[in-house]
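K.L.:
Quick one: structure below, then a few questions.
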Amino acid sequence: MTELRKDPLVPKTIGVIMSLREGLKPTLDPSYGFRYPQVEQATKLGPLEARKYLEHLRQEGILKGELQDKVLCCPNCNMCNVTFRFKCPNCKGIDLEKKQIMEHITCGYIGERGQFVNSTCPKCKAKIDDNYRLVGYWFECDTCKHRFGEVPLFGTCKDCNISFDHREGAIVSAYVYTLSDEARDFAERKLTFLGNFEAILSKEGIQAKTDVVLSGISGAKHKFDLVFEREGKVMVADVVVAEKKTAADVPIISLFAKKYDIKASRAALIAIPGISENGKRMADGYDIYVVEANNAEEAALKIVNLFKRD
Ligand SMILES: [Zn+2]
Ligand SMILES: [Zn+2]
Ligand SMILES: [Zn+2]
């Protein structure tokens, strides 16, 4: 997860995915196979680069991917603007015929269905009646008369014009991406890590600092996840990642004790995505604001509102 801090595209990508309730879904595209337009927009990467980048984050364990689809694309340029055709593996001709193969069980003769004229076996001349079985298919090239059992499928790429055997095609997988538990936890606790959080606040003249240690009148040192300040007005805050039904009583009491000791006038518990009604009543009793938010932007906007209120 150290990589999270270094790569400036990671918070942008995580921010996009956090704002999507059902994860980042691929968009089907005739040229690129699959695209992730929201990530392309946020990161300014091209369609192929964005796809590769997401795949890289998945391999690094930052994202989880649920396989949705796979398509066969050009092995040369990775574009998916490909059409497939049957071609003779011998002469590359396209005049192929699919033929059904029959066996006359009585005498063991195996041949193409067309040879059994009037339901008569070409070898033993007997009527075949029910005494036959369908063995399968083969393909025959009308140009060179070559016969082959396997479907000879060739792709042609409209972007780079190469032709390739389908077995050489590049398989492109489409995933629905969500955040790994580790990444979600990190992103939610470090709201400032998500680009727009600080931008929204600073536009309103509010400064945000993370992991701030302040000394209380008792002499003890207290760590706050966030401290906001505007024109001398200070608000301390902790972040909890909780389920809506959680009361969050421990973080509320802890925040209250710290707030009391440093003589802060305002404190907020930022709850992602929220806490129970009981928890809210409790926070109210301790004079602590509860900021419920699904993502960093929402939290930032609500903090701006708290500053506007008084
Ligand atoms: Zn190509
Ligand atoms: Zn042929
Ligand atoms: Zn026969």
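The values are calculated or read from the model by the stated rules, or taken from the named source; none is laboratory data. Quantities reported herein were computed from a predicted structural model and do not represent experimental measurements. Neighbour counts are summed over all protein chains in view; Cβ atoms, including those assigned to glycine, are modelled from backbone coordinates with ideal geometry.
K.L.:
Can you find, within segment 264-310, the residue that is nearest to ASP225 (Cα to Cα) among those that are in a helix (DSSP H, G or I) and of a type in the set (S, T, N, Q)?
P.N.:
Per the criteria, the residue is ASN305.
This table checks each residue for (1) under 16 Å from HIS166 (Cα atoms); (2) within 16 Å of ligand 1 (Cβ to nearest atom); (3) surrounded by 13 or more Cβ atoms within 10 Å (Cβ to Cβ); (4) touching a residue at least 40 places away in the same chain (Cβ under 8 Å).
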position	(1), (2), (3), (4)
ASN90	yes, no, yes, yes
LYS98	no, no, no, yes
GLY108	no, no, no, no
ILE128	no, no, yes, no
GLY136	no, no, no, no
ASP142	no, no, no, yes
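K.L.:
Counting just the residues of segment 71-96 that are within 16 Å of ligand 2 (Cβ to nearest atom) and assigned to a strand (DSSP E or B), which one comes out nearest to GLY111 (Cα to Cα)?
P.N.:
Of everything passing the filter in segment 71-96, LEU96 is nearest to GLY111 (Cα to Cα).
K.L.:
Now, a different point. Looking only at segment 49-74, which residues are buried (at least 17 other Cβ atoms within 10 Å of the Cβ) and either within 16 Å of ligand 1 (Cβ to nearest atom) or small (Gly, Ala, Ser) (or both)?
P.N.:
Once the filter is applied, which keeps residues that are buried (at least 17 other Cβ atoms within 10 Å of the Cβ) and either within 16 Å of ligand 1 (Cβ to nearest atom) or small (Gly, Ala, Ser) (or both), segment 49-74 yields ALA50, ARG51, GLY65, LEU72, CYS73, CYS74.
K.L.:
Pick from segment 75-131 the residues that are out of contact with any Ser or Thr (no Cβ under 8 Å at 6 or more places or on another chain), of a type in the set (Val, Ile, Thr) and at pLDDT 90 or above: which of them is farthest from ligand 3 (Cβ to nearest atom)?
P.N.:
My answer is ILE101.
K.L.:
Okay, moving on. Give the residue, chosen from GLY65, GLY15, that is in contact with a helix residue (DSSP H, G or I) (Cβ under 8 Å, 6 or more places away or on another chain), assigned to a strand (DSSP E or B) and touching a residue at least 40 places away in the same chain (Cβ under 8 Å).
P.N.:
GLY65
K.L.:
Counting only residues that are within 20 Å of the chain's Cα centre (by Cα) and either within 21 Å of ALA208 (Cβ to Cβ) or buried (at least 18 other Cβ atoms within 10 Å of the Cβ) (or both), how many does segment 181-192 have?
P.N.:
Within segment 181-192, residues that are within 20 Å of the chain's Cα centre (by Cα) and either within 21 Å of ALA208 (Cβ to Cβ) or buried (at least 18 other Cβ atoms within 10 Å of the Cβ) (or both) number 6.
K.L.:
Of all residues in segment 204-224, which are among the small types (Gly, Ala, Ser), exposed (fewer than 15 other Cβ atoms within 10 Å of the Cβ) and either at negative phi or not assigned by TED's automatic domain parsing to the domain that holds ASP238 (or both)?
P.N.:
Across segment 204-224, the qualifying residues are SER215, SER218, ALA220.
K.L.:
Let me ask you something else. Could you please find all residues in segment 9-48 being at pLDDT 90 or above, surrounded by fewer than 21 Cβ atoms within 10 Å (Cβ to Cβ) and of a type in the set (S, T, N, Q)?
P.N.:
THR27, GLN38, GLN41, THR43
K.L.:
OK, next. Go over the candidates ALA247, ALA237, ALA257 one by one and state the one that is closer than 23 Å to ASN278 by Cβ, assigned to a strand (DSSP E or B) and of a type in the set (Gly, Ala, Ser).
P.N.:
The conditions single out ALA237.
K.L.:
Any idea how many residues of segment 42-59 are farther than 17 Å from ALA170 by Cα and over 14 Å from the mean Cα position of the chain (by Cα)?
P.N.:
Adding up the residues that qualify gives 5.
For every residue, the table says whether it meets (1) within 16 Å of ligand 2 (Cβ to nearest atom); (2) out of contact with any Phe, Trp or Tyr (no Cβ under 7 Å at 6 or more places or on another chain); (3) not assigned by TED's automatic domain parsing to the domain that holds GLU55.
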| residue | (1), (2), (3) |
| --- | --- |
| LYS98 | yes, no, yes |
| THR106 | no, yes, yes |
| TYR137 | no, yes, yes |
| CYS144 | yes, yes, yes |
| THR156 | no, yes, yes |
| ILE162 | no, yes, yes |
